[in-house]
């Protein structure tokens, strides 16, 4: 009895590489803030034989699909359903194109989502913090020794603006208070995630 | 800071590259050699009135905090009878003075010694007090927080993203409002816990050392 044979995997169709790169280019502009990637550049690099209007239509279609997928932050099930529906539409996509889009979304979903969330952050955001702890080792007054002081630098910034640096000083009591507050926040948040 | 740089160059041209002869011991917290612009400032500041001095101090502090002070400098130039060159000396000298004082860790920053250092630079003790109070770092007086969950945004139809909003009031009267993404919050919490641990460790270590 012959064992059933798996048919060899077909190589990815020729059109998949440029499409994948096109999606990357669209993401660069829409989600990663890279305005240098123009339509002309994409056409010249990826689809040099295509006529400009033809390319524009392709780019618009792909951009629209990516926008729908990103805005809904689709999981794999939703994505499959969505793409399958697109292949059945008039003027939709081919199943090869659907496969390329699916692969692209799987790879870029987290990064694109993060970028979209950032687009809705309009206030200062805590970007970074640095600190050091100093200790008096010598003093005229013995009781002043062993009082450590923490110096903390916090970087606060907005999208596209220069950061503001806050330099603060904490004694041990204040650090302890701060830690207590942060623990309260942590507790409050874990309650939130339990109920959602 | 352009004014500070101009002052430095001008002071160097004046030939005050070395610390004053009679002082020998050097500039205390400024190091073994008093920077040229600080010396030049010390001389020039004798003729400056208290009000003008306070305004110059404010401008210097703003500059150290990275704020733009071209306007304020212009105002001072117009209202006092100081020449541009004099202003350059004064501001650059004060800038260096404060910057060096601030660079020292607070624990080594002893008030009495600072007062003495300033006296040696020939400035009245009262102005020393004004400088001293300005050069402490602010501490957190009050911290309020809020956890928000973004349900939907113009970019993301289904966001469901929690975020922490903090409002910090400092001892210098300023208030700062900022958002802390969840990942950054964990980092913040970890760092604060680490700071506390370091402080405890340091205390234990020095107690052990000092015991005879």
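Where a number appears in this text, it was derived from the coordinates with a stated rule and is not lab data. Just so we're clear, the structure is a prediction, and the values are computed from it rather than from any experiment. Note: ideal-geometry Cβ built from the backbone for every residue, glycine included; neighbour counts use all protein chains shown.
Cβ-to-Cβ counts within 10 Å put A:69, B:195 in ascending order as A:69, B:195, the fewest first.
Ordering B:54, A:109 by the number of other Cβ atoms within 10 Å of each residue's own Cβ, fewest first, gives B:54, A:109. Compared with the alpha-carbon gap, the fully stretched path from residue A:54 to residue A:39 is longer by 4.2 nm at 0.36 nm per residue. Normalised radius of gyration (Cα atoms, divided by 2.2 N^0.38 Å) for chain A: 1.65. Against chain A, whose longest principal axis is taken from its Cα atoms, helix A:172-195 shows a tilt of about 30°. Taking the number of Cβ atoms within 10 Å of each Cβ as an exposure proxy, the fewest-first ranking of A:62, B:41 is A:62, B:41. Build a GNM of chain A with springs between Cα atoms under 10 Å apart, and of A:132, A:59, A:121 the one that fluctuates most is A:132. Helix A:76-88 and the longest principal axis of the Cα set of chain A meet at an angle near 30°.
Among A:123, A:96, A:73, the residue with the largest mean-square fluctuation in a Gaussian network model of chain A, with springs joining Cα atoms closer than 10 Å, is A:123. Name the shape class, rounded, prolate or oblate, that the alpha-carbon gyration tensor gives for region B:32-77, where a ≥ b ≥ c are the square roots of its eigenvalues, rounded holds for a/c under 1.5, and otherwise prolate holds if a/b is larger than b/c and oblate otherwise. Taking the square roots of the gyration eigenvalues as a ≥ b ≥ c, region B:32-77 is oblate. Of the residues A:48, A:148, A:18, which exhibits the maximal mean-square fluctuation in a Gaussian network model of chain A defined by a 10 Å Cα contact cut-off? The residue that fluctuates most here is A:148. Can you tell me how region A:19-77 classifies by the Cα gyration tensor, rounded, prolate or oblate, using a/c under 1.5 as the rounded cut? Taking the square roots of the gyration eigenvalues as a ≥ b ≥ c, region A:19-77 is prolate. With the simple model of a label 7 Å out from the Cα in the direction of the Cβ, residue B:152 to residue B:167 spans 2.8 nm.
Under Stokes-Einstein, with the Kirkwood radius over Cα pairs as Rh, the value for region A:15-120 at 20 °C and 1.002 mPa s is 151 µm²/s.
Taking every C-alpha pair closer than 8 Å and separated by at least 6 residues, the mean separation divided by the residue count of chain A gives a relative contact order of 13 percent.
Potential lengthening of the chain between residue A:123 and residue A:77 amounts to 13.1 nm, from the contour at 0.36 nm per residue minus the alpha-carbon distance.
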